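A.B. asks: Attaching a single structure in structure tokens format; questions to follow.
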Amino acid sequence: MFRLSSALIPLATHPDVRIDIAAEYADELRKLGDFAKEHDIRLSMHPNQFTLLNGSDKVVDAAIDDLNYHAAILDGMGMDEAGIINIHVGGVYGDKEAATQKLFDNAPKVPEHAMKRLTFENDDKTYTLEETLAVSQKLQRPCMLDLHHDWCNPSALSPIELLPQIAQTWGDLPMKIHVSSPKSEKEFRSHADYIEPEMLTSFLKSCKEIDLPRVDVMIEAKVKDLALFRLAEQLGKIRGVKRLEGGVLSW
């Protein structure tokens, strides 16, 4: 699994530039996609925090441009719908219920080629996992669980309690989650260098108990691959877990 940078093609959506990605980079995108498929790499993209569907009309118009850009990259690579575009629900603007309804009202404006890739992630300050799950269910799109965000902004029900409903939103696609560890008690929302495995292990055990065939775990840690390999080594020592290669494990 690999997360592509949103800055892959700089200024592509700038009003003074406006690059037709599908035409301009057809060969390059096809080659990248062929490489990803040859090596069975699941790709995803995570637009910046200003890509919101419940902001002002100007913000929403820019967000739709941005989603089209991200979808054009994944479409150009020939990725199937497992290649997702992940965004947050958005702002509250003083009235969470009205802000959520605005998202629902704006959703039909998103072109189908982008909407079919959208996932919605719970955030660390405003929309809880339960609230994000409700949005995902309403729009019939996958719910992206971020464990660290849930610790910062918890729901009444835990991720483990909500797991069957979260998994259901993914349908036939492998469920994908985010994990990071707090930098410190004082900087709890910030990401640490490495991942502390205990909470993740507990969640993955629950995934096994409900017979999920595959879970893709995206690590958000400051030292990147070093954190990945240390975590894979730690998880590989659990009884019943076999490390197949790199960051791929079987439980």
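A.B. asks: Need the failing condition index for residue 158 against (1) free of Cβ contacts under 8 Å to residues at least 60 places away in the same chain; (2) under 13 Å from the mean Cα position of the chain (by Cα), just the number.
C.D. replies: Checking residue 158 against (1) free of Cβ contacts under 8 Å to residues at least 60 places away in the same chain; (2) under 13 Å from the mean Cα position of the chain (by Cα), the one that fails is (2).
A.B. asks: Could you grab me the full set of residues in segment 1-58 that are assigned to a helix (DSSP H, G or I) and touching a residue at least 40 places away in the same chain (Cβ under 8 Å)?
C.D. replies: Applying the first criterion (assigned to a helix (DSSP H, G or I)) to segment 1-58 yields 21-24, 26-38, 57-58.
Answer for segment 1-58, where residues must be assigned to a helix (DSSP H, G or I) and touching a residue at least 40 places away in the same chain (Cβ under 8 Å): 21, 22, 26, 29, 30, 32, 33, 34, 36, 37.
A.B. asks: Test each condition in (1) more than 24 Å from residue 87 (Cβ to Cβ); (2) at pLDDT 95 or above; (3) out of contact with any Ser or Thr (no Cβ under 6 Å at 6 or more places or on another chain); (4) not in a strand (DSSP E or B) for residue 199 and report the one that comes out false.
C.D. replies: With respect to (1) more than 24 Å from residue 87 (Cβ to Cβ); (2) at pLDDT 95 or above; (3) out of contact with any Ser or Thr (no Cβ under 6 Å at 6 or more places or on another chain); (4) not in a strand (DSSP E or B), residue 199 is out only on (2).
A.B. asks: Do the conditions hold for residue 172, that is, is it surrounded by 15 or more Cβ atoms within 10 Å (Cβ to Cβ) and part of a loop (DSSP other than H, G, I, E, B)?
C.D. replies: Spelling it out, it is not the case that residue 172 is surrounded by 15 or more Cβ atoms within 10 Å (Cβ to Cβ) and part of a loop (DSSP other than H, G, I, E, B).
A.B. asks: Next up: Would you mind listing the helices (runs of 4 or more DSSP H) fully within segment 97-154 where at least 2 residues are aliphatic (A, V, I, L, M) and either in contact with a helix residue (DSSP H, G or I) (Cβ under 6 Å, 6 or more places away or on another chain) or at pLDDT 95 or above (or both)?
C.D. replies: Details: elements: 112-115, 129-139, 147-152.
Where helices (runs of 4 or more DSSP H) fall fully within segment 97-154 and carry at least 2 residues being aliphatic (A, V, I, L, M) and either in contact with a helix residue (DSSP H, G or I) (Cβ under 6 Å, 6 or more places away or on another chain) or at pLDDT 95 or above (or both), they are 112-115, 129-139.
A.B. asks: Restricting attention to segment 30-80, report how many residues are polar (S, T, N, Q), closer than 28 Å to residue 247 by Cα and surrounded by 21 or more Cβ atoms within 10 Å (Cβ to Cβ).
C.D. replies: Result for segment 30-80: 1.
A.B. asks: Then there is this: How do the pairs read when you match residues in segment 215-238 that are farther than 19 Å from residue 3 by Cα with residues anywhere that are surrounded by fewer than 17 Cβ atoms within 10 Å (Cβ to Cβ) and polar (S, T, N, Q), using Cβ under 9 Å and keeping only pairs 6 or more apart or on different chains?
C.D. replies: Once the first residue is farther than 19 Å from residue 3 by Cα and sits in segment 215-238, its partners that are surrounded by fewer than 17 Cβ atoms within 10 Å (Cβ to Cβ) and polar (S, T, N, Q) give 234/201; 235/201; 238/201.
A.B. asks: Does residue 87 qualify as being in contact with a strand residue (DSSP E or B) (Cβ under 8 Å, 6 or more places away or on another chain), closer than 24 Å to residue 173 by Cβ and part of a loop (DSSP other than H, G, I, E, B)?
C.D. replies: Values: in contact with a strand residue (DSSP E or B) (Cβ under 8 Å, 6 or more places away or on another chain): yes; closer than 24 Å to residue 173 by Cβ: yes; part of a loop (DSSP other than H, G, I, E, B): no.
Criteria not met by residue 87.
A.B. asks: Could you identify the single residue in 229, 188 that is among the hydrophobic types (A, V, I, L, M, F, W, C) and farther than 19 Å from residue 124 by Cα? Talk me through it step by step, then tell me what you get.
C.D. replies: On the way: 188 fails: farther than 19 Å from residue 124 by Cα.
Of 229, 188, the one residue that is among the hydrophobic types (A, V, I, L, M, F, W, C) and farther than 19 Å from residue 124 by Cα is 229.
The values are calculated or read from the model by the stated rules, or taken from the named source; none is laboratory data. Worth saying up front: this structure is predicted, and the values here are computed from it rather than measured. Neighbour counts are summed over all protein chains in view; Cβ atoms, including those assigned to glycine, are modelled from backbone coordinates with ideal geometry.
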